[in-house]
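The values are calculated or read from the model by the stated rules, or taken from the named source; none is laboratory data. Quick caveat, the model's predicted, so the values are computed rather than measured. Cβ coordinates were reconstructed from backbone atoms using ideal geometry, including for glycine residues, and neighbour counts include every protein chain displayed. Side chains are part of the model used for accessible areas, which takes the heavy atoms of the whole protein and leaves out ligands, DNA and RNA. Shrake-Rupley method; radii C 1.70, N 1.55, O 1.52, S 1.80 Å.
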Amino acid sequence: MPAPRVTVVVDRSGGRLAPGTAEDVAGGWAASAPHADVGAHASHDGGAGFATLVAERAAVTGLSVSSHPVLVPDPTGREVPADVAVVERPDGATAYLDTAQVAGRHLVDEEALADPAALSSEGVGVLLRCARDLGVGRVVVGVGDLACHDGGVGLLRHLGAGEDLRSLATVREGWSGTRLVLATTTEASLLGFHGASASLGEHGVPAEVTQRLETGLGELSDRVNALLPPQRDLLTGLPRRPERAAGAGAGGGVGYALQLLGARTDTGARLLLDELGIRDRLAGALVVLVTDAYDYTTVHEGVVADTARAALEVAAPTVVLAREVSVGRREGMSLGVSGSYAPRGQEDLAALAARVARTWTPGVQA
């Protein structure tokens, strides 16, 4: 009989689980199942810490990784340090960017966040240009919650679109030789009840402010559609409105601007299934997903949800280990999650893995 295979995938989004957690959990599982082939992996949703996680895991696999520090304006125009992580892959160099470094909500005070109309995404444009100047052919941009909410106008203006964006087509053509990838934490559109402005209500922004911001983004999209008439869907003949695209609402519209430049879009978690070689380890394995909290949000989007769906596609069984479990088995059934477990007493995640391994790994002696 071949050794059972176990693929441990740890959700490192938001920095809630520390570096090394994947190896610790895999070690705990292997301690109870020494006959099993246990692999340790970590993933991320595309928000703060995205580029750092990719660089770390790429180095583990033996790829050459370099870090390039830069100074970039934050949403208020103040210079802040940032970093471009470059990974040398067999098919060429890829730069990974963490937009939270230059436009994260932590960089701005609460008063400005309560009405972000004056906050700019220019720093993201500066970071993007710095990455391309390193000579890479591909740039992956992680975008989650950001302080700016200008529809990416600051980014586009920095790249040369002009104050009124009249040179937007020229800028897009200039970036056509660079493969841009947008890795988002959300698939929200730019406009609408689930769009960029509406989501600010979750951060306590007053309704009158979100409505005004929604109007401004609507006017922006009208201007962009006049400058760049949308392509038509081949089946329906209707225009493909870029403001309705999944991920356009990420980062207050930074996703929208990147898509206007031609960026391919995916969630960070789905993208890293392939970037980090996780997808290839799912088929034929027991998939152990590890997260800080297994809750209503986790079960719908992010590393746990996207990885569980990928495992379900190849009929791989999945269990979840979390420091806190607040959803039942029914909620996870649509993802193919067979069970979820939280620590008992003083157990850490490694000890939890050792306990659960005795149930889930075939051939383990109690």
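For segment 251-294, just say rounded, prolate or oblate: build the C-alpha gyration tensor, square-root its eigenvalues into a ≥ b ≥ c, call rounded for a/c under 1.5, and beyond that prolate if a/b exceeds b/c, oblate if not.
In terms of gyration-tensor shape, oblate.
Largest first, please: the extent of the C-alpha atoms of segment 221-275 along each principal axis, to the nearest Å.
35, 28, 15
Leaving out ligands, DNA and RNA, and with a 1.4 Å probe, what % of the accessible surface on segment 220-366 is carbon or sulfur?
After summing per-atom areas, the C and S share lands at 50 percent.
Have a look at Asp274, Asp292, Asp150 and tell me which one the Gaussian network model of the chain (Cα, springs below 10 Å) gives the largest fluctuation.
Highest fluctuation among the options: Asp274.
Simple spin-label model, 7 Å along Cα-to-Cβ: Phe193 to Leu63 in nm?
The two pseudo-label positions are separated by 4.0 nm.
What is the distance in Å between the Cα centroid of segment 122-137 and that of segment 247-298?
For segment 122-137 versus segment 247-298, the Cα centre distance is 22 Å.
Output ³J(HN,Hα) for segment 245-255: one whole-Hz value per residue in order, computed from phi by the Karplus curve 6.51 cos²θ - 1.76 cosθ + 1.60 with θ = phi - 60°, and x for Gly and Pro.
With the stated coefficients, segment 245-255 comes to 5, 4, x, 5, x, 4, x, x, x, 4, x Hz.
Tabulate in residue order the Karplus-calculated ³J(HN,Hα) for segment 55-71, using 6.51 cos²θ - 1.76 cosθ + 1.60 with θ = phi - 60°, rounded to whole Hz; enter x for Gly and Pro.
Ordered by residue, 3J(HN,Hα) equals 4, 4, 6, 5, 5, 4, 7, x, 6, 7, 10, 10, 10, 10, x, 9, 9 Hz.
In segment 158-199, which trypsin sites (Lys or Arg not before Pro) fall in coil by DSSP and have 16 or fewer other Cβ atoms within 10 Å?
Answer in residue order: Arg166.
What does the charge add up to near Val254, with Lys and Arg as +1, Asp and Glu as -1, over the other residues with Cβ less than 14 Å from its Cβ?
Overall, the nearby charge balance is -4.
So, in nm, how far is label Arg358 from label His35 when the simple model puts each one 7 Å beyond its Cα toward the Cβ?
It is 1.7 nm.
Between segment 311-328 and segment 30-82, what is the C-alpha centre distance in whole Å?
23
How much net charge surrounds Pro230 when only other residues with a Cβ under 9 Å from its Cβ are counted (Lys, Arg +1; Asp, Glu -1)?
Here the count lands on +3.
Rounded to the nearest 0.05, what FRET efficiency do Ala3 and Glu88 give with R0 = 45 Å and r taken as the Cβ-Cβ distance? Could you check?
Approximately 0.85, to the nearest 0.05.
In segment 37-125, which trypsin sites (Lys or Arg not before Pro) are in a loop and have at most 16 other Cβ atoms within 10 Å, using DSSP for the loop call?
Here the sparse-neighbourhood loop sites are Arg78.
Skipping prolines and chain starts, which residues have an amide H placed within reach, meaning under 5 Å, of the one on His149, given they are 5 or more residues away or on another chain?
Residues meeting the amide H criterion: Leu119.
Got a sec to turn the phi values of segment 160-171 into Karplus ³J(HN,Hα) couplings, 6.51 cos²θ - 1.76 cosθ + 1.60 with θ = phi - 60°, whole Hz, x for Gly and Pro?
With the stated coefficients, segment 160-171 comes to x, 6, x, 4, 9, 6, 5, 9, 4, 4, 5, 5 Hz.
What is the set of long-range amide H partners of Val143 at a cut-off below 5 Å, with H atoms built 1.01 Å from backbone N?
Placed amide hydrogens put Ala183, Thr184, Thr185 under 5 Å from Val143.
Label segment 190-259 by shape, choosing from rounded, prolate and oblate, from the square roots a ≥ b ≥ c of the eigenvalues of the Cα gyration tensor; if a/c is under 1.5 it is rounded, and otherwise prolate applies when a/b is larger than b/c, oblate when it is not.
prolate
Could you work out what % of the accessible surface of segment 10-157 is carbon and sulfur, using a 1.4 angstrom probe and leaving DNA, RNA and ligands out of the count?
Reported share for carbon and sulfur atoms: 52 percent.
Using 0.36 nm per residue of separation minus the Cα-Cα distance, give me the extension gain between Ala118 and Leu235 in nm, one decimal.
Numbers: separation 117, 0.36 × 117 = 42.12 nm, distance 4.04 nm.
Gain in length upon complete extension: 38.1 nm.
Please list, in chain and number order, the residues 5+ apart from Gly339 or on another chain whose amide H is under 5 Å from its amide H, with Hs placed from the backbone.
The answer is Val320.
Can you work out the FRET efficiency for the pair Ala246 and Glu23, with r the C-beta to C-beta distance and R0 = 35 Å, to the nearest 0.05?
Working: r = 34 Å, r/R0 = 0.97.
That pair, Ala246 with Glu23, gives E of 0.55.
Express the accessible area of segment 1-74 per residue in Å², computed with a 1.4 Å probe while the remaining protein chains stay in the model.
Dividing the accessible area of segment 1-74 by its residue count gives 41 Å².
With every protein chain present, what is the per residue accessible area of segment 131-241 (1.4 Å probe, Å²)?
About 51 Å² of surface per residue is accessible.
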